Structure formats: C-alpha cells, structure tokens
Amino acid sequence: MTGTYKFVVIGGAGGKETYNIEKDAEGGKGAQVTASINPVADETLTILVGGKGNDGPSAFDKYGGGGSGSFVAVGSRPPRP
C-alpha cells in the first residue's frame, strides 16, 4: 500500500510514587510525537509500543519508574533484536 501515513506515537507514562500516604503522586505522561511517512513497496514498518513504568511499591522504595519509549521505524528490513 502506498501513500502517506500519519502516526501519533505516545511513550509510556511514568509510575506512581507512593511516598505520600495521604495522596500518591501520579507519574508523568508519556511524550507524544506526530509524523507522516511515505513508505515504498517492500519497506518494513516496525512499531514498538512503550509500557507504563512501575509504581513505587512501598515507602522504602517509593519512587515510580520511568515509562518506556514508543517508536515507528521505516526500513527495508526489521531491526535486529
């Protein structure tokens, strides 16, 4: 299929911190990027979807983890793992 394809890619949100017993703070939102691409025949689109970061599990390890990125790559072959 030829033509222009528009992608809106959003990274995973950060995990919640659990230090404040009265009110946990939510993690930050994932970054958003919009792009248009024009793939040609036999090109491969690779789409990687980022996940949410882990929530802080306790007051001793209170901060949440960062979310992972989301990507769209265009090429003649998929990237190697």
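The values are calculated or read from the model by the stated rules, or taken from the named source; none is laboratory data. All values derive from a computational prediction rather than experimental measurement. We place every Cβ from the backbone using ideal geometry, glycine too, and count neighbours over all the protein chains shown.
Here is how the numbers come out for the structure above:
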quantity	calculated
Matching residues in region 1-24 - criterion: being modelled with pLDDT of 80 or more and either at positive phi or in a loop (DSSP other than H, G, I, E, B) (or both)	GLY3, THR4, GLY11, GLY12, ALA13, GLY14, GLY15, LYS16
Pair list, Cβ < 6 Å and 6+ apart or interchain, from region 35-54 residues that are under 20 Å from GLY69 (Cα atoms) and modelled with pLDDT of 85 or more to residues that are aliphatic (A, V, I, L, M) and not in a strand (DSSP E or B)	LYS52/ALA13
Residues located in region 25-49, provided they are among the aliphatic types (A, V, I, L, M), assigned to a loop (DSSP other than H, G, I, E, B) and closer than 15 Å to GLY11 by Cβ	ALA31, VAL49
